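Structure, as structure tokens:
The values are calculated or read from the model by the stated rules, or taken from the named source; none is laboratory data. The model shown is predicted, which means the values in this text are computed figures rather than measured ones. Neighbour counts run over all protein chains shown; Cβ positions are idealised from the backbone, glycine included.
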């Protein structure tokens with residue numbers, strides 16, 4: 001299937017439906033992706049504010065809150081050296097190592113397409129402005145003067161202490177994954193939302209996740225062309241150490257965003273936000289289906305999203321639901337303990353069984369609610385439910401299960417699911433993980449029914465929630481001394497058929513393999 005032009009059907013959901021085959025699997029990837037785009041945005045000749053790298057002793061002050069949050073979200077925190085491995089076995093090959101710098105949260109293909117903007121009020125030594133976070137220098141770069149917190153998060157009453165806007169630079173992933181990159185970017189947005197919530201709450205902050213906002217005025221205020229870089233989510237934060245509201249230097253709003261920039265021109269109004277030295281590549285003409293689905297989802301605001309449809313019911317005579325034991329304790333730091341310990345299992349998993357209490361902790365964390373603006377999400381995700389494949393868990397029969405409130409409900413599928421799924425997967429490392437990991441967690445959603453009911457925006461919402469659930473599961477696993485790896489290409493037709501999902505109108509959105517990592521030829525250092 002070769003994409004040519006974006007769909008022109010104006011019906012709600014048409015663009016998302018047309019995109020579905022391209023977001024399902026990477027398809028044939030270019031042998032040589034060509035020059036990689038810059039790994040970060042650079043704004044020259046702009047005022048900067050350094051952030052503290054290490055938190056202060058005692059309760060954090062406001063600069064320490066900002067510094068810790070951004071370091072653990074998008075900072076460059078590790079340097080890795082890795083020898084190439086045999087993808088079928090995970091063993092090292094005789095070849096020179098590669099080196100890379102890593103951020104705290106995982107990213108598809110280590111492309112790190114998400115950038116962050118912070119809207120802050122005035123504080124001593126820092127004017128009110130919208131700042132871009134420079135993860136290389138661990139600093140804030142002022143890109144637009146004025147206090148724009150209410151404009152970026154309308155309806156929140158008194159302005160939040162911080163409005164954090166996550167944006168996707170589309171070509172940064174697409175240069176490697178083409179149309180499939182859009183799906184990875186929405187999932188990564190959810191990963192970062194889970195990371196931000198975990199870190200912020202551990203610092204004593206109150207957070208709110210906004211997924212229903214109208215993206216067009218946010219993009220315009222930030223000076224973004226939505227077909228080069230665009231908002232994916234907004235997070236609000238309040239903290240008792242933040243400066244008290246009130247007038248201060250640079251606290252007034254600027255004259256306004258002016259008209260949104262066109263696809264091939266930067267904003268030119270005097271009050272417009274600063275433009276990066278190297279603007280991101282436009283995807284118009286390069287990624288027609290991504291451009292269409294994103295453009296169709298910019299203004300949609302699903303005000304009443306219902307919870308995910310039930311996962312398949314067990315067949316008559318099937319084994320009864322299994323009540324999981326109390327979750328293994330994560331320690332006094334909770335999920336926060338997993339932030340610094342989390343690392344992807346790059347070389348597969350050792351044949352070590354997983355404990356049922358650890359399974360309960362991981363699934364409970366993944367299925368928990370979050371402080372968002374979609375209906376009902378305080379107790380559970382709105383779009384996503386959870387299934388899992390148990391391969392080697394002490395006291396649990398191998399098989400496929402749906403997770404419901406502390407219980408595992410056996411799915412009516414024949415045994416041997418890991419082997420059947422692996423046989424249908426194209427990538428050897430993904431096959432290896434299915435055959436070795438004692439537990440695989442799979443977020444599922446009524447994807448097509450949701451698109452029919454709520455339009456194109458549903459695709460984004462479902463994959464953002466999938467990333468959020470998987471990162472919470474990965475943090476819980478890391479807090480327990482286990483390792484995990486997200487394999488987005490594992491959510492495909494082979495997985496859905498093995499789980500019996502198509503009969504119930506459900507689709508797997510991603511996969512998280514969890515277990516004891518196999519030691520490998522990787523050397524990592526914190527920076």
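Would you be able to say whether some residue in segment 374-394 is surrounded by fewer than 19 Cβ atoms within 10 Å (Cβ to Cβ), modelled with pLDDT under 90 and farther than 14 Å from residue 508 by Cβ? Scanning segment 374-394, I find at least one residue that is surrounded by fewer than 19 Cβ atoms within 10 Å (Cβ to Cβ), modelled with pLDDT under 90 and farther than 14 Å from residue 508 by Cβ, so the answer is yes. Selection within segment 301-326: residues that are at pLDDT below 95 and buried (at least 19 other Cβ atoms within 10 Å of the Cβ). The member of this set that is nearest to residue 415 (Cα to Cα) is 312. Determine if segment 181-191 includes at least one residue that is part of a strand (DSSP E or B) and either outside the structural domain of residue 467 (by TED's automatic domain parsing) or buried (at least 24 other Cβ atoms within 10 Å of the Cβ) (or both). The answer is no, given that none of the residues of segment 181-191 is part of a strand (DSSP E or B) and either outside the structural domain of residue 467 (by TED's automatic domain parsing) or buried (at least 24 other Cβ atoms within 10 Å of the Cβ) (or both).
With the structure loaded, tell me whether residue 479 is surrounded by 24 or more Cβ atoms within 10 Å (Cβ to Cβ), in contact with a helix residue (DSSP H, G or I) (Cβ under 9 Å, 6 or more places away or on another chain), under 21 Å from residue 377 (Cβ atoms) and at pLDDT 90 or above or whether it fails that test.
So residue 479 fails the test.
In segment 1-11, is there at least one residue being under 21 Å from the mean Cα position of the chain (by Cα) and at pLDDT below 90? Scanning segment 1-11 turns up no residue that is under 21 Å from the mean Cα position of the chain (by Cα) and at pLDDT below 90.
Pairs are defined by a Cβ separation below 7 Å, a sequence spacing of at least 6 or placement on different chains, a first member in segment 367-388 that is within 16 Å of residue 441 (Cβ to Cβ), and a second member that is surrounded by fewer than 22 Cβ atoms within 10 Å (Cβ to Cβ) and at pLDDT 90 or above; the pairs so defined are 367/380; 380/369. I'm checking my understanding of the structure. Among residues of segment 341-363 that are in contact (Cβ under 8 Å) with a residue 40 or more places away in the chain and assigned to a helix (DSSP H, G or I), which one is surrounded by the fewest Cβ atoms within 10 Å (Cβ to Cβ)? Ranking the candidates gives 341 first.
How many of the residues making up segment 149-160 are touching a helix residue (DSSP H, G or I) at 6+ places or on another chain (Cβ under 8 Å) and either buried (at least 23 other Cβ atoms within 10 Å of the Cβ) or more than 15 Å from residue 244 (Cα to Cα) (or both)? The qualifying residues number 4.
Scanning segment 21-38 for residues that are in a loop (DSSP other than H, G, I, E, B), buried (at least 16 other Cβ atoms within 10 Å of the Cβ) and at pLDDT 75 or above yields a total of 2.
In the list 118, 140, which residue meets the criterion of being closer than 30 Å to residue 368 by Cα and either touching a residue at least 24 places away in the same chain (Cβ under 8 Å) or under 17 Å from the mean Cα position of the chain (by Cα) (or both)? I'd like the intermediate steps shown before the answer.
Details: 140 fails: closer than 30 Å to residue 368 by Cα.
Of the residues listed, the single one that is closer than 30 Å to residue 368 by Cα and either touching a residue at least 24 places away in the same chain (Cβ under 8 Å) or under 17 Å from the mean Cα position of the chain (by Cα) (or both) is 118.
For the residues 466, 426, 446, 498, the requirement of being at pLDDT 95 or above and in contact with a helix residue (DSSP H, G or I) (Cβ under 9 Å, 6 or more places away or on another chain) singles out 466.
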